[in-house]
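Participant: A single structure is presented below for examination.
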Amino acid sequence: MTRAKHYQQQIFSREIWDTAMHWVNTNKRLVRQIASPYVRFMAGESEDLYQEATISAYNALICCMKNGQRERFVPFFRVIFKTNCIKLASGIQTVHCLEEYFLPLQEETAEKVEPEADQIDQVLQAVSKRQRQICLWLLEQPTPVSTVDIAREFKVSKRQAYRLLSNTLQRISGATQ
């Protein structure tokens, strides 16, 4: 008896996903309009945006069905999707305390000292082999590079490059504390 119920839930869930995907495909203009203030800050492509919209539509459909308010789908979708866009646009980590950034800078009298190879190797022990390769490549670059450059160099999507950098920075900062 529980197997039949589980199977019915899977079919119901699949129908909701299909409905969400269909709705997003027919309302791409609305999706772009809602996301427009945040798109330039997101580390993803348009396909990633539509995938995020599909997830938001799925969640909005579930909320509407639970609350019995099917006519409120679009407002639910707007709130959920806008929240997800803000999260995607927030970057690696938000600033905990803005006061640190308003302090006057001390004049640099001493020359900047480059970290030694031993220190770099020690810190890079906390990350995976792939992350280590990316870090070493970044250190070799004469100018700052973007996630697009990293994605192109290592043949991954911009979103994957962003995630690799984010995870690497978290591991490195955890290892140095």
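The values are calculated or read from the model by the stated rules, or taken from the named source; none is laboratory data. Keep in mind it's a predicted model, so treat the numbers as computed, not measured. In this analysis, Cβ positions are derived from the backbone assuming ideal geometry, glycine residues included, and neighbour counts consider all displayed protein chains.
Participant: With the condition kept exactly as written, say whether any residue in the range 70-87 is surrounded by 10 or more Cβ atoms within 10 Å (Cβ to Cβ), in a loop (DSSP other than H, G, I, E, B) and either touching a Cys at 6+ places or on another chain (Cβ under 9 Å) or at pLDDT 85 or above (or both).
Facilitator: Within the range 70-87, not a single residue is surrounded by 10 or more Cβ atoms within 10 Å (Cβ to Cβ), in a loop (DSSP other than H, G, I, E, B) and either touching a Cys at 6+ places or on another chain (Cβ under 9 Å) or at pLDDT 85 or above (or both).
Participant: Out of all the residues in the range 152-166, which are touching a helix residue (DSSP H, G or I) at 6+ places or on another chain (Cβ under 8 Å) and farther than 18 Å from L88 by Cα?
Facilitator: Within the range 152-166, E153, F154, V156 qualify.
Participant: Could I ask something else about it? Checking V156 against (1) surrounded by 14 or more Cβ atoms within 10 Å (Cβ to Cβ); (2) part of a helix (DSSP H, G or I), only one condition comes out false. Which one?
Facilitator: Only one criterion is unmet by V156, namely (2).
Participant: Oh, and also: Considering only residues of the range 26-81 that are without any contact (Cβ under 8 Å) to a residue 12 or more places away in the chain and among the acidic types (D, E), which is nearest to T147 (Cα to Cα)?
Facilitator: Only one residue tops the list, namely E47.
Participant: Test L49 against the stated conditions and say whether it is modelled with pLDDT of 80 or more and either part of a loop (DSSP other than H, G, I, E, B) or farther than 20 Å from N25 by Cα (or both).
Facilitator: no
So that you can scan it fast, the table gives a plain yes or no per residue for (1) within 29 Å of E45 (Cβ to Cβ); (2) touching a residue at least 40 places away in the same chain (Cβ under 8 Å):
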position	(1), (2)
A117	no, no
V123	no, yes
V127	yes, yes
Q131	yes, yes
W137	yes, no
E140	yes, no
V145	yes, no
R152	yes, no
V156	yes, no
